[in-house]
Amino acid sequence: MSGKCLVVYYSKTGNTKTVAEAIAKRMGGDLCEVSERGVAQSGFDPSSYGLVVVGTPVNGFSTSIPIQGYLKENSTKLPNLAFFATYGLYTAGTFGGMSKLAGKKPLATVAIKGTDAKQGKIDERVDAFVASLKK
Ligand SMILES: Cc1cc2nc3c(=O)[nH]c(=O)nc-3n(C[C@H](O)[C@H](O)[C@H](O)COP(=O)(O)O)c2cc1C
């Protein structure tokens with residue numbers, strides 16, 4: 001994978017943020033938070049990265065509204081993509097919905113239970129996800 005990595009995420013209660021930080025650290029990438037209103041932190045142009053990793057909590061069996069907005073707004077600017085989600089019960093159509101909005105399939109996805117993120121039990125899955133992206 002050539003080029004730098006950008007990790008874009010929305011997190012209401014911190015679980016997705018925990019995973020986003022771990023991925024960005026391992027990828028040596030930048031972190032960009034999307035606000036409740038769907039506004040991305042300024043200064044991060046996705047088209048200037050080789051890989052954008054997008055993370056969302058599962059809300060209503062789907063992608064959170066802020067990340068729906070981000071993907072719609074940036075669909076023409078997104079390079080290679082990967083997705084992650086934190087969830088309570090199951091991810092349902094979350095990743096499929098994200099692909100549709102981005103107009104592109106992800107290179108890899110990972111889903112992590114919110115309770116595991118809260119307890120810091122994420123290393124194995126984050127390592128495997130990052131390893132697959134570094135190939
Ligand atoms: C409004 C709301 C809706 C949710 N809907 C779902 C859902 O449909 N399916 C699911 O598995 N978890 C659902 N959850 C649980 C969250 O996805 C889970 O707690 C997640 O880790 C929260 O991430 P965050 O701390 O980054 O906000 C919901 C949580 C909230 C607050």
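A few points about this structure:
- Using only side-chain charges placed at the Cβ, +1 for Lys and Arg and -1 for Asp and Glu, the dipole size of the chain relative to its Cα centre rounds to 240 debye.
- A simple count of charges around Pro66, restricted to other residues whose Cβ falls under 10 Å of its Cβ and scoring Lys, Arg +1 and Asp, Glu -1, yields 0.
- Lysines whose Cα lies under 30 Å from that of Lys135, excluding same-chain neighbours fewer than 8 positions away: Lys4, Lys17, Lys25, Lys72, Lys77, Lys100, Lys104, Lys105, Lys113, Lys118, Lys121
- A rounded overall shape is assigned to the chain, the ratio a/c of its alpha-carbon gyration tensor axes (a ≥ b ≥ c) being less than 1.5.
- Computed from label points 7 Å out along Cα-Cβ, the spacing between Ala128 and Ser75 is 3.1 nm.
- Of all DSSP beta bridges in the range 31-135, antiparallel share, percent nearest 5: 20
- Residue (of Ile122, Asn74, Phe95) at the positive-pole extreme of the range 5-134, dipole from beta-carbon charges: Phe95
- Neighbour cut-off at most 10 other Cβ (10 Å), DSSP loop, trypsin sites (Lys or Arg not before Pro), the range 1-77: Arg37
- Secondary-structure-derived ellipticity at 222 nm for the chain, considering helices only, amounts to -10500 deg cm²/dmol, per-run term -39500 (n - 2.57) for DSSP H runs with n ≥ 4.
A short reminder: the numbers here are calculations on the coordinates, not readings from a lab. Note that this is a predicted model, so its numbers are computed, not measured. Using ideal geometry, Cβ is built from the backbone for each residue, glycine included, and neighbour counts are taken over all protein chains shown.
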